[in-house]
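So the structure is just underneath, and the comments pick up after that.
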Amino acid sequence: MSNPSVEDDIPLAPRAASADDFEQNPLPLVHTRLQASAIDPARVLELTEEERVREAVRRVIQDGTSIHDAAHDLHLSAASIHAWRARYSSFLEETVFGETNPDAAAEDAVIDEPAQRKFLENWERLLNATQTKTQDFRQEPLEVFLQTSTFTNWLYDEEGKADRFTIAGTLVVLLGVLTVIIFLTNDRGHTPRDPDVKVRSLPALEAGAMVPPDVQAASETVQRFLKASSYIDKLAFIKDREQVGPQLREYYQRHSDAPVRDAILIQTMEGKNTFSLSFDIPSRKATWFFNSVLVGDTYRIDWPTSTLCQTDIFERFMASKSTQPTILHVRMVRGNYYNYEWSDRQKYACYNLTFPGLQQTLYGYVPRDSPVGIELQLLTALEPTHAAILEVKYPSPAPEDRQVEILRIISKEWLPEP
């Protein structure tokens with residue numbers, strides 16, 4: 001217990017009407033206090049929140065420990081320690097001096113040395129006078145983590161208050177870094193991005209403009225393909241000809257293989273070992289798209305990702321309203337057309353499905369909470385217009401010729417990385 005001679009000299013808070021806990025049962029409380037004054041770090045989380053708060057405030061008031069260090073050592077939020085220290089200061093002003101000093105905030109009040117030495121007794125009186133309950137010491141786990149973690153505690157000041165200027169500055173820096181990353185990783189000045197994730201956009205090519213040698217080589221492959229006078233001759237310019245040769249043959253059984261000699265290169269996009277090329281075809285009043293891929297030291301056309309191939313697949317699929325799973329190469333963007341069995345926009349997500357050179361748009365639907373639906377939402381969140389290979393089909397019966405069901409994602413890009 002306190003030294004009587006010291007106690008007589010130090011003004012204390014008046015006693016409560018009934019004897020406080022300290023006087024009723026001194027030995028167990030003193031023993032607990034002595035234990036709390038020298039806590040083993042390994043036992044910190046075994047203590048109650050009330051015991052940890054009491055020890056933290058004692059360290060700050062009696063030992064002069066910083067609020068930040070006390071919060072870190074005892075796994076508490078700095079804000080809660082600061083609030084209890086302020087409450088202790090206010091209690092001393094009201095009970096020792098008889099009134100609260102209106103010119104000084106409680107948290108800034110200086111606690112004199114005698115009051116510091118008598119912290120334990122005054123603390124018990126504070127708890128009794130304010131009728132403190134267990135929940136008054138409760139800590140918010142997230143707040144404790146943010147204020148004590150090495151990675152986030154710098155966002156708070158010594159009192160555990162969020163520093164708005166630091167947070168604002170950090171957000172500005174992060175936004176700047178994110179902007180730079182987006183600028184460096186996305187194609188510049190050209191949307192949408194086509195088959196490759198690593199794309200650099202080149203300016204539209206005008207007649208007579210100087211064409212870089214690699215673009216010239218990629219374009220020459222397409223020009224020679226279009227000028228070839230037969231299916232057999234065209235096959236020489238196709239990539240993976242053994243696999244896609246049958247598709248090419250079937251296509252030219254339904255379409256003329258007459259030479260096209262007026263193709264004009266109007267736009268190109270560069271990917272890794274790939275050029276995506278758009279040609280104006282005046283004789284057909286159309287724009288055709290091709291991917292010219294470097295195979296060894298020669299460029300070859302990727303037939304499945306050409307306008308000729310995909311337009312044929314789209315048109316036959318739409319004409320038959322096939323209920324059989326069909327693979328389409330598409331550019332997809334989130335849509336807003338909800339009708340017939342897909343009227344519930346809370347249940348289904350809609351995607352506009354197109355392809356370069358194709359005049360019509362399909363509307364694809366998928367349940368939002370399905371694995372495919374979730375993955376499509378993520379893909380279009382990162383890249384609003386995304387090139388992918390999807391498996392789709394018409395419902396039976398088909399309410400109209402442009403609404404289809406998305407079954408699965410075959411590939412998240414048109415061309416795999418070499």
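The values are calculated or read from the model by the stated rules, or taken from the named source; none is laboratory data. Being a predicted model, the structure only gives us computed values, none of them experimental. Because the Cβ atoms are built from the backbone with ideal geometry, glycine has one as well, and the counts that use them run over all protein chains shown.
Of all residues in region 360-418, those satisfying the criterion of being within 12 Å of residue 349 (Cβ to Cβ), in a strand (DSSP E or B) and hydrophobic (A, V, I, L, M, F, W, C) are 366, 406. In region 256-275, the qualifying residues are those that are assigned to a loop (DSSP other than H, G, I, E, B) and aliphatic (A, V, I, L, M), and the one that is surrounded by the fewest Cβ atoms within 10 Å (Cβ to Cβ) is 258. So, residue 298, is that one surrounded by fewer than 20 Cβ atoms within 10 Å (Cβ to Cβ), assigned by TED's automatic domain parsing to the domain that holds residue 273 and hydroxyl-bearing (Ser, Thr, Tyr) or not? Spelling it out, residue 298 is indeed surrounded by fewer than 20 Cβ atoms within 10 Å (Cβ to Cβ), assigned by TED's automatic domain parsing to the domain that holds residue 273 and hydroxyl-bearing (Ser, Thr, Tyr).
Pairs are defined by a Cβ separation below 6 Å, a sequence spacing of at least 6 or placement on different chains, a first member in region 363-381 that is at pLDDT 90 or above, and a second member that is assigned to a helix (DSSP H, G or I) and surrounded by 16 or more Cβ atoms within 10 Å (Cβ to Cβ); the pairs so defined are 365/342; 366/372; 366/373; 367/373.
Screening region 338-359 for residues that are part of a strand (DSSP E or B) and among the hydrophobic types (A, V, I, L, M, F, W, C) and picking the one that is nearest to residue 284 (Cα to Cα) gives 353.
Among the residues of region 389-418, those identified as of a type in the set (A, V, I, L, M) and either over 21 Å from residue 304 (Cβ atoms) or in contact with an Asp or Glu (Cβ under 7 Å, 6 or more places away or on another chain) (or both) are 392, 398, 407, 409, 410, 415.
Listed here are the residues, each with its yes/no results for (1) of a type outside the set (Phe, Trp, Tyr); (2) out of contact with any Gly (no Cβ under 6 Å at 6 or more places or on another chain).
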site	(1), (2)
238	yes, yes
242	yes, yes
245	yes, yes
261	yes, yes
276	yes, yes
279	no, yes
287	yes, no
296	yes, yes
309	yes, yes
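Exactly one residue out of 344, 302 is closer than 23 Å to residue 225 by Cα and either in contact with a Phe, Trp or Tyr (Cβ under 8 Å, 6 or more places away or on another chain) or hydroxyl-bearing (Ser, Thr, Tyr) (or both), and it is 302. I want to confirm something. Restricting to region 222-239 and keeping residues that are outside any helix (DSSP H, G or I) and in contact (Cβ under 8 Å) with a residue 24 or more places away in the chain, which single residue is nearest to residue 294 (Cα to Cα)? Checking each candidate, the answer is 239.
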